[in-house]
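The values are calculated or read from the model by the stated rules, or taken from the named source; none is laboratory data. Please read these numbers as outputs of a predicted model, since none were measured by experiment. All Cβ positions, glycine included, derive from the backbone under ideal geometry; neighbour counts span all protein chains shown. Protein only, heavy atoms only, side chains kept; ligands, DNA and RNA dropped before computing areas. Shrake-Rupley method; radii C 1.70, N 1.55, O 1.52, S 1.80 Å.
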Amino acid sequence: MPTTAPTDPAPGLTAYSEVTASEASLRRFLHGLPGVDQVGAEARAAGLGTRSIKTTAKAWALDLAIRMVDLTTLEGQDTPGKVRALASKALRPDPADPSCPSVAAVCVYGDLVGEVKAIVGDQVNVAAVATAFPSGRASMAVKLADTRDAVAGGADEIDMVIDRGAFLAGHYLQVFEEIVATREACVRPDGSHAHLKVIFETGELQTYDNVRRASWLAMLAGADFIKTSTGKVQPAATLPVTLVMLEAVRDFREATGVQIGVKPAGGIRTAKDAIKYLVMVNEVAGDDWLDPDWFRFGASTLLNDLLMQRTKMTTGRYSGPDYFTLD
Ligand SMILES: O=C[C@H](O)COP(=O)(O)O
């Protein structure tokens with residue numbers, strides 16, 4: 001899937017080169033960002049979550065949400081057969097209805113990229129988790145080898161985890177440099193690059209202020225997307241955390257001209273929840289982000305509920321949950 005994210009930093013970013021020149025200047029910048037009003041963020045997220053949308057808009061939103069799904073399986077017990085079945089589902093989520101769109105990507109461990117690619121070709125992206133997912137605990141050499149291996153295997157997108165230990169210890173420049181190095185490892189021999197999503201594991205970051213700091217850090221380092229969670233730690237994606245990240249990408253684009261995508265992942269299971277997120281995207285970042293190039297849902301089972309709600313809207317009745325293959 002083509003995306004309009006720039007390969008090279010836009011001119012607006014050069015204004016930030018001094019910020020990332022040293023640990024001290026980066027710390028000064030990140031700690032100088034306005035603090036997040038926790039109560040205000042949670043109240044706004046809750047308020048946006050109560051908005052209802054009308055029938056035509058709902059049909060549009062369901063299809064958009066399907067197109068935004070990164071259909072994910074990240075289990076030690078994943079088999080080539082399971083992954084191939086998931087890839088077929090990603091390509092044709094509802095085989096009985098050709099008008100049903102494909103999802104954005106299939107997200108798997110790096111060694112399974114080829115299995116997905118063999119089914120989806122260039123019609124659906126393949127995303128691989130990397131950099132010692134989910135813990136992020138390995139030497140830099142291992143993390144970069146992990147990334148290069150997935151890119152060489154055909155991954156269109158790399159979902160890397162940051163070193164939360166380094167971030168929480170305040171070693172911001174180390175985290176920045178790891179993201180920069182991983183981005184370089186995403187470059188293919190022809191000069192194009194696999195798109196880089198940077199996972200914060202917000203459930204471990206402790207405060208909304210840290211989520212805002214991690215967002216700016218990753219964007220300054222060249223992330224194409226910022227992503228909440230691995231799905232392995234609770235809480236995973238939440239509306240307030242996603243709100244803080246949407247504000248960050250909005251402010252970053254205003255400051256630099258560079259648009260960055262957002263991917264909440266983990267724990268998003270119902271169409272109702274997905275629509276809450278879409279309302280929030282529209283209200284906080286704006287409708288430029290209402291596109292799979294700029295917003296994704298990392299989810300293993302959300303697609304099933306989106307399909308059931310879609311069938312209900314087109315036929316007037318629910319098909320049983322068994323009608324769609326459950327992940
Ligand atoms: O990135 C996505 C997650 O790993 C999937 O989480 P989920 O099973 O809660 O949907």
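Under a 5 Å amide H cut-off, with hydrogens placed 1.01 Å from N, Asp159 pairs with Ala128, Val129, Ala130, Lys197 among residues at least 5 apart or on other chains.
The spacing between segment 194-222 and segment 139-159, judged by their C-alpha centroids, is 19 Å. Return the carbon/sulfur percentage of the accessible area of the chain, one whole number, probe 1.4 Å, all protein chains in place. Of all accessible area on the chain, carbon and sulfur atoms account for 52 percent.
Of the beta bridges DSSP finds with both residues in segment 30-315, what % are antiparallel, to the nearest 5? Mind dumping the intermediate values first?
Details: 1 of 29 bridges.
Antiparallel bridges make up about 5 percent of those DSSP assigns within segment 30-315.
The orientation-averaged projected area of the convex hull spanned by the Cα atoms of segment 173-219 comes to 3.5 nm².
Stretching Ala255 away from His31 to a fully extended chain increases their span by 78.9 nm, per 0.36 nm per residue minus the current alpha-carbon distance. Multiplying the residue separation of Val233 and Arg92 by 0.36 nm and removing their Cα-Cα distance gives an extension gain of 47.7 nm.
Per-residue ellipticity at 222 nm for the chain, helices alone: DSSP H runs ≥ 4 residues times -39500 (n - 2.57), over residue total, nearest 500 deg cm²/dmol? Show your work: numbers first, answer last.
Numbers: 13 runs with 145 residues, N = 327.
The helix contribution divided over the chain gives -13500 deg cm²/dmol.
Note on the chain: Kirkwood radius taken over Cα pairs, Stokes-Einstein applied at 10 °C and 1.306 mPa s, translational D equal to 80 µm² s⁻¹. For segment 15-73, taking Cα atoms only, Rg and Dmax work out to 19.6, 52 Å respectively. Total Lys pairs in the chain closer than 21 Å by alpha-carbon, pairs eight or more apart in sequence or interchain only? Here the count comes out as 27. In terms of Cα atoms, the Rg and Dmax of segment 153-260 work out to 13.5, 41 Å.
Counting only Cβ charges, +1 for Lys and Arg and -1 for Asp and Glu, the dipole size of the chain around its Cα centre is about 800 debye. The mean of 1/r over all pairs of different alpha-carbon atoms in segment 265-305, once inverted, gives a Kirkwood hydrodynamic radius of 10.5 Å. Accessible area per residue was computed with a 1.4 Å probe on protein heavy atoms; Ser25 scores about 20 Å². Here's the picture: charge each Lys and Arg Cβ at +1 and each Asp and Glu Cβ at -1 in segment 172-309, and of Ser300, Ile199, Phe252 the one pushed furthest to the positive end of that dipole is Ser300. Counting only Cα atoms, segment 194-235 measures 28, 21, 8 Å along its principal axes, largest extent leading.
Pairs of Cα atoms under 8 Å, at least six residues apart: use those to get the relative contact order of the chain, whole percent.
On the way: 584 pairs, mean separation 65.7, N = 327.
Computed over the chain, the figure is 20 percent.
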